[in-house]
Amino acid sequence: MLWCKTIQLRNHLLDKIERKTGISLLDPKLRPVKLSVVYRLFNPHVPVIICSMYRNNVGAMPANSCSSVSDSPPLVSLALRKGIRTNRILRSSSRFSINWMNFEPESSRRAILDLAKPSDSTNREKDKLSEHNIPYKIVRGVPVLEQVCAFAICNVQKNFATGDHDLFIARVNYVRAISDFTLDEYWRFEDYKPILYVGSIRPNSLITLSS
């Protein structure tokens, strides 16, 4: 017990020293990071493409901040920047698809880069997928890309304001995937080569797993 208290006292003292000096006593190689770029520490990501439709408006964009938050019931979370067109469409429709793309063909990577560009805010009714010549079909009332390795259809249950983003909690109600996943219910990474986003500052911001 005395040994534990000694360790705790030492850690508190080191913490005070670090707060005053700004030098990491845990490891000198650990440097300060601006809080505004903390999200980049999560790279690389698998950028899924989010699609939603309301009336004649089709919104689509790549998203890094989409993940599973519950197995039963199957729930996912999705964070979208406030005010963007896809956010507005999703709020109106309360439905969206998650699309997992393969690294090949090159058109899959081009789709992610094209859809990352902001929509023309002056055009209130637009099909962003058709604008970039990205083929899709309507599945259960939601756009799904034709070149997917997997997709999930989701219905929004709740949404919350989280800083400069809105956080949507949605229930997954329909899923399909290629045999690379369905044989074991895990990705084998034989036919599916995930696209990995490593940051826009790099010459090749989209890479895949090395063999």
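Which of (1) surrounded by fewer than 17 Cβ atoms within 10 Å (Cβ to Cβ); (2) closer than 21 Å to Ser200 by Cα; (3) at pLDDT 95 or above does Tyr54 not meet, given it meets every other one?
Tallying (1) surrounded by fewer than 17 Cβ atoms within 10 Å (Cβ to Cβ); (2) closer than 21 Å to Ser200 by Cα; (3) at pLDDT 95 or above, Tyr54 fails exactly one: (2).
What is the residue count in region 75-90 for residues that are among the polar types (S, T, N, Q) and more than 12 Å from the chain's Cα centre (by Cα)?
Residues meeting the conditions: 2.
What is the number of the single condition among (1) of a type in the set (D, E, K, R); (2) within 25 Å of Thr162 (Cβ to Cβ); (3) touching a Pro at 6+ places or on another chain (Cβ under 8 Å) that Lys137 does not meet?
Lys137 satisfies every listed condition except (2).
Which residues, taken from region 64-77, are touching a residue at least 40 places away in the same chain (Cβ under 8 Å) and either closer than 12 Å to Val172 by Cα or loosely packed, with under 12 Cβ neighbours inside 10 Å (or both)?
Val69, Pro73, Pro74, Leu75, Val76, Ser77
Quick one: which helices (runs of 4 or more DSSP H) sit completely within region 103-211 and have at least 2 residues that are assigned by TED's automatic domain parsing to the domain that holds Val46, in contact (Cβ under 8 Å) with a residue 12 or more places away in the chain and aliphatic (A, V, I, L, M)?
106-115
Condition check: out of contact with any Pro (no Cβ under 9 Å at 6 or more places or on another chain), part of a helix (DSSP H, G or I) and at pLDDT 95 or above. Does Ser92 satisfy that?
yes
Results for (1) in contact with a Ser or Thr (Cβ under 8 Å, 6 or more places away or on another chain); (2) hydrophobic (A, V, I, L, M, F, W, C); (3) within 26 Å of Arg40 (Cβ to Cβ); (4) at pLDDT below 95, shown as yes or no for each residue.
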| residue | (1), (2), (3), (4) |
| --- | --- |
| Glu146 | no, no, no, no |
| Cys154 | yes, yes, no, no |
| Ala161 | no, yes, yes, no |
| Asp166 | no, no, yes, no |
| Val175 | no, yes, no, no |
| Thr182 | no, no, no, yes |
| Pro203 | no, no, yes, yes |
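Quick check: is even one residue across region 61-71 part of a helix (DSSP H, G or I), of a type in the set (D, E, K, R) and assigned by TED's automatic domain parsing to the domain that holds Val175?
no
The values are calculated or read from the model by the stated rules, or taken from the named source; none is laboratory data. Just so we're clear, the structure is a prediction, and the values are computed from it rather than from any experiment. In this analysis, Cβ positions are derived from the backbone assuming ideal geometry, glycine residues included, and neighbour counts consider all displayed protein chains.
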